[in-house]
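Let me begin by presenting the structure, written as structure tokens, before commenting on it.
The values are calculated or read from the model by the stated rules, or taken from the named source; none is laboratory data. If you're wondering where the values come from, they're calculated on a predicted model, not measured in any experiment. A quick note on method: Cβ atoms are made from the backbone with ideal geometry, for glycine too, and the neighbour counts reach across all protein chains shown.
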Amino acid sequence: MTAKIPVKLGTVQETLLVPLWARARECDEPRPVLHDPKSREILHALDYDFSPLDAARASQLGCCVRGAQVDRWVRAFLAEHPEGTVIELGVGLNSRFERVDNGRARWFELDLPDAIELRREFFEDTPRRTMLSASALGEDWIEHVRAHSQGPWFIASEGVLVYFEPGQVRELFERAADAFPAARLAYDSMSPLVLRHQRRHDAMRHFEAQFTWAVGDAREVEGWDPRFRMVDSRSFYHMLYAHPRRLPAYYRYLGPLLGAVYPPLKRAYHVNLLQLGQ
Ligand SMILES: C[S@@+](CC[C@H](N)C(=O)[O-])C[C@H]1O[C@@H](n2cnc3c(N)ncnc32)[C@H](O)[C@@H]1O
């Protein structure tokens, strides 16, 4: 029997196990919203107790609808720009390349050093695919990507910015807009309501990492810089309730009722596509 791979990750880095688990579990659904056998292979190879997540059905679906939406946006980008560049910030163990690569695009997959070390157990660099061990908040990766790609660029940052301070998110957006003209940026955002109640989150309550960035209205970021334009923004509420049978009973029945009497619930969490310039 092959020895399992130990997981030694920092507090925020450890959260990469949640979407990995979600994509792996999704393989067992009769009608998966996302098909990702690589995630299942990775999950089985890790020496980690995923059982506390067993009941996190809403997170499983949430991570997968989010991932599937970003996949659709990346596919649309690659259909328009087959030799474009995809940058994944905070890639974790995501296998988006395996799901959507077109055989011609250039990919950069960035995460913090311990996350990339673990990632290297399962993925390899190739002439079109480069893993970068760096913080998204630094500038080295920007210089590297600029020096090794021509664009246009698509930046995906899924489940990552919510762990940054508000000023850091804004600075990252500005820097990305300066360095990658006309890039598209896919990311998720939550409202202060979710931030306040984060310890009730079905998956995150098992992790130490804390959400730190929230926006009252997902479109608020358009006001940060005249170059920013929200191209698409999808509410998780609507994305989740498109699959009511997949939700635990209390979500299925109580959610629509609460959403009707308390509309901010419908705006609690979004996955967004922002154009950073012309
Ligand atoms: C919830 S996980 C999401 C992983 C991946 N995007 C996915 O959907 O499977 C958050 C990821 O953000 C990464 N991260 C957090 N802070 C970061 C930073 N400053 N620079 C780069 N990555 C960071 C973590 O290491 C982790 O992999």
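A compact table of results
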read-out	value
Residues (of a type in the set (Gly, Ala, Ser) and buried (at least 16 other Cβ atoms within 10 Å of the Cβ)) located in the stretch 166-220	Ala176, Ala177, Ala179, Ala183, Ala186, Ser189, Ser191, Ala203, Ala209, Ala214, Ala218
Test: residue in the stretch 2-12 that is under 28 Å from Gly151 (Cα atoms) and surrounded by 15 or more Cβ atoms within 10 Å (Cβ to Cβ)	no
Counted residues, the stretch 107-128 - those being among the basic types (Lys, Arg) and either within 9 Å of the ligand (Cβ to nearest atom) or part of a helix (DSSP H, G or I) (or both)	1
Selected residue (criterion: surrounded by the most Cβ atoms within 10 Å (Cβ to Cβ)) from residues of the stretch 145-165 that are modelled with pLDDT of 95 or more and over 15 Å from the mean Cα position of the chain (by Cα)	Trp153
Top-ranked residue of the stretch 31-64 - restricted to ones that are of a type in the set (Gly, Ala, Ser) and within 15 Å of the ligand (Cβ to nearest atom), ranked as farthest from His206 (Cα to Cα)	Ser39
Every pair of residues 6+ apart whose Cβ atoms lie under 8 Å, when the first sits in the stretch 78-105 and is modelled with pLDDT of 95 or more while the second is in a loop (DSSP other than H, G, I, E, B) and among the hydroxyl-bearing types (Ser, Thr, Tyr)	Thr85/Ser149
Selection count where residues are part of a loop (DSSP other than H, G, I, E, B) and either more than 14 Å from Arg219 (Cα to Cα) or out of contact with any strand residue (DSSP E or B) (no Cβ under 8 Å at 6 or more places or on another chain) (or both), scope the stretch 173-196	3
Any hit, the stretch 65-88, residues being among the aromatic types (Phe, Trp, Tyr) and more than 9 Å from the ligand (Cβ to nearest atom)	yes
Test result for Ala186, among the small types (Gly, Ala, Ser) and within 19 Å of Gly159 (Cα to Cα)	yes
Test for Ser157: is it in contact (Cβ under 8 Å) with a residue 24 or more places away in the chain, among the polar types (S, T, N, Q) and within 12 Å of the ligand (Cβ to nearest atom)	yes
Test: residue in the stretch 261-272 that is among the aromatic types (Phe, Trp, Tyr), within 20 Å of Ser189 (Cα to Cα) and in contact with a strand residue (DSSP E or B) (Cβ under 6 Å, 6 or more places away or on another chain)	yes
Residue match in the stretch 109-131 (condition: free of Cβ contacts under 8 Å to residues at least 40 places away in the same chain and crowded, with 22+ Cβ neighbours inside 10 Å)	yes
Which listed residue is under 22 Å from Val215 (Cβ atoms) and hydroxyl-bearing (Ser, Thr, Tyr), from Ser95, Ser149, Ser157	Ser157
Matching entry among Leu93, Leu17 (being farther than 20 Å from Trp153 by Cβ, assigned to a loop (DSSP other than H, G, I, E, B), within 13 Å of the chain's Cα centre (by Cα) and within 14 Å of the ligand (Cβ to nearest atom))	Leu93
